[in-house]
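Structure record follows, encoded as structure tokens.
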2 protein chains.
Amino acid sequence: MARAAKHRRQLIETAMRLFREQGYASTGLQQILAESGAPKGSLYYYFPGGKEELGRAAIELAGDKILEMLRGVEKRHPADPIAFVRVYGKTMAGWMAESGFQSGCPVATTLLETVPASPEMTETGNRVVDAWVEVISRVFVAAGVRPREARTRGEQVLASMEGALLLARVRRSTRPILDVAKTIWS
Amino acid sequence: MARAAKHRRQLIETAMRLFREQGYASTGLQQILAESGAPKGSLYYYFPGGKEELGRAAIELAGDKILEMLRGVEKRHPADPIAFVRVYGKTMAGWMAESGFQSGCPVATTLLETVPASPEMTETGNRVVDAWVEVISRVFVAAGVRPREARTRGEQVLASMEGALLLARVRRSTRPILDVAKTIWS
């Protein structure tokens, strides 16, 4: 990777981690810069729009990471919604436990802090969520559920998982995630 | 209400509203004081522990409000989980729409920003969530579900609702809430 692209990536990766663990508003640009290891000038060079521009890039990167994970689970269980949701939950629970219950959904906190007040964040959030729902819904369609109903179910699986990730942080336990993943529609 | 108690209440009410709409970190004590209408000295008089003490009081008040609503729904549908969840969802959807999709769960954003890093917020959050789950679970028990299973279901209903409230803000639509409330376990 060219050095320039590397610095940009370091900034976004660091922002994503900090927004996920401590929230968007409480994370200052100076902390992101310091922890990223990127040179001082790079922040405003790559993100002339400032924090919101970096915030959108962080949501997009987080969106891609979750999307990649969901597609991996779909590959293993392309037409079995119950198995799909179970593996999805196990993966999220594993990440959550690994981080000492700091890292839940990488976009939820930032979105709750900024939407719908910020149209830009709302637009980015919608795009990310749509892409996730599309994969989950596809598994239901492959299992014979009609497209419209499959979409509703895809949103419901995502909603349950998002809520379970919140409860898991409060409880300091993976149980809410595993419970949701184990018994939903089973 | 004595004037003193009134000022304390105004501070907590204002904090709760602002934390709900814009998050905990981005809400400054000065904004809370200004919008509350309480006199300048009252903030440190009632909350010598500063923002975190006010944050806990706001979570507790929000917890009580949701608890009161849930108990009201339980009174109407004491042994019918499907009707209970439907009315619960309709109520949350109504609040959400009324606020222009600003006001979701009154504690979710603050908790995602602060737990488990803050043991005090985590403790308060757990107490609030426990009280909500207790009411929801009671409806399942009254419908004949065994206590242990009813508790798991209570947590699942709450998780689904919390996630749906997040999606509703991103989508600027009550549909995710109503979908979850309509089809869960039906």
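Nothing in this text is a laboratory measurement; each read-out follows from the coordinates by a stated rule. Quick caveat, the model's predicted, so the values are computed rather than measured. Backbone-built Cβ (ideal geometry, glycine too); neighbour counts: all protein chains shown.
With the convex hull drawn over the C-alpha atoms of the stretch A:9-95, the volume per residue is 103 Å³.
Relative to one another, the C-alpha centroids of the stretch B:104-174 and the stretch B:29-52 are positioned 29 Å apart. Axis angle, to the nearest 10 degrees, between helix A:81-98 and the longest C-alpha principal axis of chain A: 40 degrees. Label-to-label distance, B:Glu123 versus B:Ser173, with points set 7 angstrom from Cα along the beta-carbon direction: 4.3 nm. Once the Cα atoms of helix B:51-76 and of chain B are each reduced to a long axis, what angle between those two axes, in degrees from 0 to 90 to the nearest 10, is obtained? With both axes taken from Cα atoms, the answer is about 30 degrees. Given chain A reduced to its alpha-carbon atoms as identical point scatterers, what log10 I(q)/I(0) does the Debye formula return at q = 0.12, 0.16 Å⁻¹? For the requested q values the scattering log ratios are -0.61, -0.99. Taking a straight line from the alpha carbon of A:Lys90, these lysines sit under 20 Å away, with near neighbours fewer than eight places off in the same chain left out: A:Lys65, A:Lys75, A:Lys182. The Rg/Rh ratio of the protein assembly as shown, with Rg taken over Cα atoms and Rh as the Kirkwood radius over Cα pairs, comes to 0.98.
Inter-copy label distances for A:Gly28: 1.4 nm (label point placed 7 Å from Cα along Cα→Cβ; shortest first).
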